[in-house]
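Taken together, the values in this text are just the output of simple stated rules run on the coordinates, not laboratory data. Owing to the predicted nature of the structure, the values given are computational and were not obtained by experimental measurement. We place every Cβ from the backbone using ideal geometry, glycine too, and count neighbours over all the protein chains shown.
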Amino acid sequence: MDRQQVLKILTDTDVLMEGHFLLTSGRHSDKYLQCARIFQYPVHASKIAEHLARQFPDNSIDLVIGPAIGGIILSYEMGRVLGVKTIFAERENGVMTLKRGFEIPPQSKVLVVEDVVTTGGSVKEVIELVKEHQAEVSGVAAIVDRSGGNVDFGTKFICAVKMDVLSFKPEECPLCKSGKALVKPGSRVFKSS
Ligand SMILES: [Zn+2]
């Protein structure tokens, strides 16, 4: 699968929308990304998971783990494709931890997955968790890398697509200047600029 095919899936599933958006930061953007939407369509999510899984050598992964919430379904899908066990990590009092009796066996080879990597914070916490259990990190896989190349996990990092989402201060926004209606994602309220 090449970048164009991945982008087609992301636009077909409304993960990636183009227009004129008001971000929660107050800035404006010509793109809006909501990765959770891909999991509305198992067929598409499976294709992405297969594409990511293919980039790791056979038998290099014993376990897949992702941080809640974004990494849970991708972890499951990757585990299904790879034929290995999958678990997820979640925060308790702000600390990434394993609950529900989930375990990371010592010396196991672990793949860490996440839907979108922006700062990479959650993934780094999961990597630390894997190391604390004396297990080995085989790599990191994400659907979208929007870090702009600014994260280093110290291991192999695979993504289905790299994407830079530009944002503007309202007073400097070229879309406002062109008169395009501003949309607040997730709402049906349209505000003219
Ligand atoms: Zn604008």
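Computed quantities for the displayed model
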item	result
Kirkwood Rh and Cα Rg combined as Rg over Rh, evaluated for segment 1-114	1.03
Gain upon complete extension [Thr155, Lys169; 0.36 nm per residue less C-alpha separation]	1.5 nm
In order through segment 17-26: 3J(HN,Hα) via Karplus (6.51 cos²θ - 1.76 cosθ + 1.60), integer Hz, x for Gly, Pro	10, 10, x, 9, 10, 8, 7, 4, 6, x
Cα gyration tensor shape of segment 43-92, rounded if a/c is under 1.5, else prolate or oblate by comparing a/b with b/c	oblate
Neighbour-limited loop hits for GluC sites (Glu not before Pro), segment 9-108 (at most 16 other Cβ within 10 Å; DSSP other than H, G, I, E, B)	Glu103
FRET E, pair Lys99, Lys177, Förster distance 45 Å, beta-carbon r, rounded to 0.05	0.35
Candidates Gly120, Gly19, Gly101, ranked by Gaussian network fluctuation over the chain, Cα under 10 Å, top entry	Gly101
Radius of gyration and maximum dimension Dmax of segment 20-61, Cα, Å	15.9, 46
Degrees between helix 3-12 axis and first principal axis of the chain (Cα, 0 to 90, nearest 10)	70
Cβ-based charge dipole, segment 115-188, positive-most Cα from Val130, Ile158, Ser147	Ser147
Dipole magnitude (debye, nearest 20) for segment 1-140, charges at Cβ of Lys, Arg, Asp, Glu	100
Cβ-isolated cysteines (cut-off 4.7 Å), the chain	Cys35, Cys159
As computed over the chain, the Cα convex hull volume per residue (Å³)	131
Note, ³J(HN,Hα) from phi for segment 147-154, Karplus 6.51, -1.76, 1.60, rounded to Hz, x at Gly and Pro	7, x, x, 9, 10, 10, 8, x
Over segment 73-148, relative contact order from alpha-carbon pairs under 8 Å, at least 6 apart, %	31
Fully extended contour minus Cα-Cα distance, from His133 to Ser46, at 0.36 nm per residue	28.4 nm
Mean separation of Cα contacts under 8 Å, 6 or more apart, over the residue count of segment 1-99: relative contact order %	18
Relative contact order computed over segment 36-193 (Cα-Cα under 8 Å; 6+ residues apart), in percent	18
At 1.002 mPa s and 20 °C, Stokes diffusion of segment 102-193 via Kirkwood alpha-carbon radius, µm² per second	135
Residue-by-residue Karplus 3J(HN,Hα) for segment 97-110, coefficients 6.51, -1.76, 1.60, Hz, glycine and proline x	8, 9, 10, 6, x, 5, 9, 10, x, x, 6, 6, 9, 10
